[in-house]
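Chemist: I'd like to ask some things about the structure below.
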Amino acid sequence: MANGILKKLPEDLVFLILLTFPVKSLMRFKCISKSWSFLIQSTGFINRHVNRKTNTKDEFILFKRAIKDEEEEFINILSFFSGYDDVLNPLFPDIDVSYMTSNCNCTFNPLIGPCDGLIALTDTIITILLNPATRNFRLLPPSPFACPKGYHRSIEGVGFGLDTISNYYKVVRISEVYCEEADGYPGPKDSKIDVCDLVTDSWRELDHIQLPLIYWVPCSGMLYMEMVHWFATTDISMVILCFDMSTEVFRNMKMPDTCTRITHELYYGLVILCDSFTLIGYSNPIGSIDSARDKMHIWVMMEYGVSESWIMKYTIKPLSIESPLAVWKNNILLLQSRSGLLISYDLNSGEAKELNLHGFPDSLSVIVYKECLTSIPKGSEFSTEVQIF
């Protein structure tokens with residue numbers, strides 16, 4: 001009887017009704033009828049669902065941390081949360097990411113994204129692409145480009161996003177290649193840029209490009225306005241290095257005037273605050289904090305790409321943190337403490353809380369995302385298969 005009623009509804013009305021449902025419900029609705037299954041899996045429906053109007057109640061959190069096992073090696077753990085009344089509620093059990101290639105280091109295993117609900121987890125070799133809403137994931141092939149004998153390659157920046165011209169996703173990696181001098185210090189450095197086209201799962205190197213030195217911090221590699229952003233240093237100042245995922249062109253963006261000077265006293269992070277490109281300045285994690293002198297500053301770029309539009313939005317009390325991680329619900333900063341705790345700071349009330357989640361110091365990473373039906377790109381016929389976690 002119910003199926004008969006559904007068949008009488010106009011197709012356009014069914015389309016609009018289904019757009020209002022969360023991903024979990026839509027996955028179940030595919031079993032109601034073939035027509036619903038085709039509709040929910042169609043490109044048109046998925047694109048409309050990605051771009052549907054949402055609010056902060058629709059935000060979810062993917063949390064990555066590393067812990068040490070009995071053999072003193074690192075295990076990467078992913079946790080998935082929804083949030084109500086500023087409380088993180090587990091969506092399903094944690095998963096152990098056993099694909100990471102290095103069990104001896106945990107500081108460069110960042111989460112990058114989201115882009116259309118897809119998120120990437122990477123280390124120096126392996127990249128895992130996942131959709132936390134559909135619980136699908138796939139391993140991407142490692143880059144085939146090696147170093148000449150006697151040289152070293154250091155991954156300094158990673159990005160993930162959509163090429164809107166060709167309509168496929170890409171992963172970009174910036175490396176520094178250098179030879180080791182006789183005294184043990186690195187010699188002259190050269191930048192290498194690898195791009196993986198996910199439609200074919202093939203890696204390619206961009207033509208030789210001279211870039212400023214990447215200044216890696218945990219809260220960088222951020223995707224905004226189809227551009228990936230990292231911090232970098234020139235001979236005279238710090239800049240934000242931008243990479244257009246479609247045109248594959250690099251450019252430098254100026255930081256606020258008070259932030260351009262290279263200093264060991266301040267660190268920086270990038271977040272999205274109320275849909276705006278935002279810069280956070282905070283105290284050096286290995287230094288002591290002077291509560292009378294040190295402050296955490298938050299700048300918002302009112303017009304993206306226009307350096308003159310930076311304004312200082314907040315000046316707040318200094319916090320003993322390793323780095324900022326993300327902004328949740330437009331007013332809650334998620335940060336990692338120097339001891340490896342996940343903490344929150346309410347920009348409205350000034351209240352800081354420990355969230356009872358912790359990992360090895362400097363191993364925490366957070367992505368705030370909205371559920372989407374976006375499919376994991378299948379790559380070529382030789383690619384690894386999409387799996388379910």
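Values quoted throughout were computed directly from the atomic coordinates according to the rules given, and no laboratory measurement underlies them. Owing to the predicted nature of the structure, the values given are computational and were not obtained by experimental measurement. Ideal geometry is used to build each Cβ from the backbone, glycine not excepted, and the neighbour counts take in all protein chains shown.
Chemist: Compute the normalised compactness of region 238-328: alpha-carbon radius of gyration over 2.2 N^0.38 Å, N being the residue count.
Modeler: On the way: Rg = 13.9 Å, N = 91, 2.2 N^0.38 = 12.2 Å.
So region 238-328 has a normalised radius of gyration of 1.13.
Chemist: Calculate the tail of P(r) for region 324-389: the fraction of all Cα-Cα distances greater than 18 Å, expressed in %. Before the final figure, lay out each step's value.
Modeler: Details: 1152 of 2145 pairs.
I get 54 percent for the Cα pairs in region 324-389 exceeding 18 Å.
Chemist: Assigning unit charges at the beta carbon (Lys, Arg +1; Asp, Glu -1) and nothing else, what dipole magnitude in debye, to the nearest 20, does the chain show about its Cα centre? Can you show the working numbers first?
Modeler: Details: 34 positive and 46 negative charges, 314 e Å.
That gives a dipole near 1500 debye.
Chemist: Oh, and also: Can you work out D for the chain in µm² s⁻¹ from Stokes-Einstein, where Rh is the Kirkwood radius over C-alpha pairs, the temperature is 37 °C and the viscosity is 0.692 mPa s?
Modeler: On the way: Rh = 22.4 Å.
The Stokes-Einstein estimate is 147 µm²/s.
Chemist: Top mean-square fluctuation among 198, 333, 18, Gaussian network model of the chain, C-alpha springs under 10 Å?
Modeler: 18
Chemist: For the chain, what is the mean residue ellipticity at 222 nm derived from helices alone (per DSSP H run of n ≥ 4: -39500 (n - 2.57); sum divided by total residues; nearest 500 deg cm²/dmol)?
Modeler: On the way: 5 runs with 38 residues, N = 389.
For the chain, the value works out to -2500 deg cm²/dmol.
Chemist: In square nanometres, what is one fourth of the surface area of the convex hull spanned by the alpha carbons of region 218-374?
Modeler: Values: hull surface 41.9 nm².
So the Cα hull casts an average projection of 10.5 nm².
Chemist: Going by how many other beta carbons lie within 10 Å of each one, how would you line up 137, 108, fewest first?
Modeler: Values: 137 24, 108 17.
Ranked by crowding around the Cβ, least crowded first: 108, 137.
Chemist: Let me ask another. Say each of residue 34 and residue 247 gets a label point 7 Å from the Cα, pointing the same way as Cα to Cβ; how far apart are those two points in nm?
Modeler: The modelled label-to-label distance comes out at 4.8 nm.
Chemist: Taking other Cβ within 10 Å of each residue's Cβ, how do 275, 96 sort, fewest first?
Modeler: Numbers: 275 8, 96 12.
Going from least to most buried by this count: 275, 96.
Chemist: Cross-link candidates for residue 149: which lysines have Cα within less than 22 Å, leaving aside residues fewer than 8 places away along the same chain?
Modeler: Partners found: 189, 192.
Chemist: Tell me, what are the semi-axes, in whole angstrom and largest first, of the equivalent ellipsoid of region 299-351 as set by the roots of 5 times the Cα gyration tensor eigenvalues? Mind dumping the intermediate values first?
Modeler: Values: eigenvalues 112, 30, 23 Å².
Calculated on Cα positions only, the semi-axes equal 24, 12, 11 Å.
Chemist: Further, regarding this structure: Considering the chain as a Gaussian network with a 10 Å cut-off on Cα pairs, which listed residue, 120, 326, 146, attains the greatest mean-square fluctuation?
Modeler: 146
Chemist: Given the options 179, 259, 115, which has the most mean-square fluctuation in a GNM of the chain, springs set between C-alpha atoms less than 10 angstrom apart?
Modeler: Result: 179 has the largest fluctuation of those listed.
Chemist: Right, another one. What per residue convex hull volume, in Å³, comes out for region 221-286 when only alpha-carbon positions are used? It would help to have the intermediate numbers written out before the result.
Modeler: Working: hull volume 6.1 nm³, N = 66.
Convex hull of Cα atoms, per residue: 92 Å³.
Chemist: Which value does Rg/Rh take for region 28-154 over its C-alpha atoms, Rh per Kirkwood?
Modeler: 1.06
Chemist: Any number yet on Rg/Rh for region 2-50, C-alpha, Kirkwood? Let's see the in-between values first.
Modeler: On the way: Rg = 10.1 Å, Rh = 10.9 Å.
Across region 2-50, the Cα-based Rg/Rh ratio is 0.92.
Chemist: Sticking with this structure for a sec: Quick one: 130, 273, fewest Cβ neighbours within 10 Å first, how do they rank? List each step's numbers first, then the result.
Modeler: Numbers: 130 25, 273 20.
Going from sparsest to densest Cβ surroundings: 273, 130.
Chemist: Could you check how many percent of all C-alpha pairs in region 1-90 are farther apart than 19 Å?
Modeler: Working: 2293 of 4005 pairs.
Tail fraction, whole percent: 57.
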